[in-house]
1. Give a residue-ordered list of calculated ³J(HN,Hα) values for the stretch 545-561 (Karplus: 6.51 cos²θ - 1.76 cosθ + 1.60, θ = phi - 60°; whole Hz; x for Gly, Pro).
2. Which of the aspartates and glutamates could a cross-linker bridge to K384, judged by Cα under 20 Å and excluding same-chain residues fewer than eight apart?
3. What number comes out for the charge environment of Q176, summing +1 per Lys or Arg and -1 per Asp or Glu over other residues with Cβ under 13 Å away?
4. Convert each backbone phi in the stretch 463-474 into a coupling constant with the Karplus relation 6.51 cos²θ - 1.76 cosθ + 1.60 (shift: θ = phi - 60°), then list the ³J(HN,Hα) values in order as whole Hz, x for Gly and Pro.
5. Could you list which residues have their amide H under 5 Å from that of I291, counting only those 5 or more apart in sequence or on another chain, with H placed in the peptide plane?
6. With every protein chain kept in place and ligands, DNA and RNA left out, what is the accessible area per residue of the stretch 321-473? Probe 1.4 Å, answer in Å².
7. Working from Cα positions, state the angle (0 to 90°, nearest 10) between the long axis of helix 502-519 and the longest principal axis of the chain.
8. With the Cα gyration tensor of the stretch 407-550 giving a ≥ b ≥ c as the square roots of its eigenvalues, does the rule (a/c under 1.5 for rounded; else a/b larger than b/c for prolate; else oblate) give rounded, prolate or oblate?
Amino acid sequence: MKKIFSLLLILTLVLSLTACGTSKTDGGSTPAAETPAEKHIVNLGITAFPTNTNPFIQTMQADHNALRMYETLVIQDAKTLEFKGILADSWTASDDGLEWTVKLKEGIKWQDGEAFDADDVMFTYGIILDNMENENASFSRKADVKSIEKIEKLGDYEVKFTTKTPVANFLDTPLQVIYIVPEHIFGAMPLAEMLEFTNPNPIGTSPWKLVGEFNPQNTELEYERYEDYYGTKPNVDGLLFILFENSDTMYQAFKAGSIDMFSPSGTQAEELESDPNVKVLKNLQPKLTEIGINSSDDPRSTVNKSLKIKEVRQAINLALDKQKLVDDVLKGVGYAGTTIVPTSAGKWHLPGEHEYSPEKAIALLEKAGFTDFETVQISGRDVKVRKNAEGDTLSFRMALLTDGYAWHYRDSALYIVKWLEEVGIGLELQSIDGSALGDMMNLDADNFCDFDMYIWGWTPGYDPGFILTVLTTDQIGGRQEVMYSNPKYDALVDLQITQVNEAERLETVHEAQKIILEDAPYIPLYYQGYYDAYRTDKYEGFIQFAGDGTIFNNETYINIKPVSK
């Protein structure tokens, strides 16, 4: 808002000076001052601010907005979902599927003027590969490169990846997810320094350049169009991501015209439908919201040991009326959760309906020995909870995020508390922000695993590879938040990524999902759809990813342009 006000002030002063008259010299007049060209900065509303701009340590979903200056080798086309090169010019795979040769585009410059070449790709992948066995090297993308045996430089603009086994989705993972960083900046640092580097002045290759220094305490994140970009330049001059405390204040800012695009709640979307200057779209990209259950065996963990009993976790799943959450909380935009791969992933999603059965939940709890009851105090209320002969009670703590994007977590929690109490399970809601909860999952944290369960979510993409890896043992201390380990599951996840035969891979992916459904370290609540909204009186050219996904994507940011007046 300050930037908008400043621009208006400049225009007002210029017009005022012009209107006041002209000064004469030698009988002539000085030409009136020219009005500065109007800049078109797209204002985007967000409710979670990035934590850093270092691609090597990025773990939070919100961090992606702070990495828009970087590019990957390939990307999926927003309309066709076919892969196309960004930094890569072309690629070929060997007949046995073990070698991928990638030719890079030439003539690309980093935003500080240094040339981009194969050394940058070699460094980015090489530093992760060289530290795969180093437990102190906390690269967030280790799981995405573990299929790679080695990477070789074939020329200044050509590299070759050799994989341990054929990789079914190599273009997606790792080529689409690993941001390439400048060797001349990151390569000058010792490893420990690199992994603590907050990167306040990031230098990338993309059409967007960060304005000023990055600071995670800020409330605005601004990019300007990089005029020397090698590819198609954006139609607008910049992007301004503006943090709002909650969805209500963001909604009011959108209605007032202070922001140009945001994701409204279901109720807000209904109200906006009648506004002739607003377009509301359903966003059905892959999304998973789950209850995560602490499975840690670490002695530092404070988890209620009753949650280690599989029947208790399964009973929690049966006690939840997930379709009602979709109907009431999501206003019908989404699907009841059954497994960790969302329905929008198509055939990769394990078919089946969620069974809501409090009666079966009670039967499972009694089978597990929780046949007695005890009244406990939870948030100032008397709650009757089950207990077993050893005196262990079914009274748990649920971490509930306060971040603006988590509004549907908070709305859903009220239903969940009620349904679980009906089967004899008490739930204390504990407010916490996403960063603090993430810190509890750090293996070195003083408060490591100081929770019983939480509600959180993922945006996993259309290929199942990523979301399946989240619950593998090697992701404990990385992506995984629940510290779950099952060697059989790990083996299936490792196998599916090597299966080039799609039918064979599909069977393995489904088998892996069945294990998680049985073990229940994750309880999928729903695959939430969202609403996206934008102002039609200001910009046009928005692109929904895959036809029914989000408008918050790279191709939208390139394609949008001011509405012709």
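1. The phi angles translate into 4, 6, x, 9, x, 7, 8, 7, 9, 4, 6, 4, 5, 7, 8, 4, 8 Hz.
2. E311, E359, E366, D372, E374, D392, E421, E422, E428, D452
3. Computed value for this residue: -4.
4. 8, x, x, 5, 5, 5, 6, 4, 9, 7, 4, 6
5. I523, L525
6. Heavy-atom accessible area per residue stands at 41 Å².
7. Once rounded, one gets 60 degrees.
8. Taking the square roots of the gyration eigenvalues as a ≥ b ≥ c, the stretch 407-550 is oblate.
The values are calculated or read from the model by the stated rules, or taken from the named source; none is laboratory data. Since we're looking at a predicted model, the values are computed, not measured. No Cβ is skipped: glycine too gets one built from the backbone with ideal geometry, and neighbour counts run over all protein chains shown. Just the protein is used for accessible areas: all its heavy atoms, side chains included, with ligands, DNA and RNA removed. Shrake-Rupley method; radii C 1.70, N 1.55, O 1.52, S 1.80 Å.
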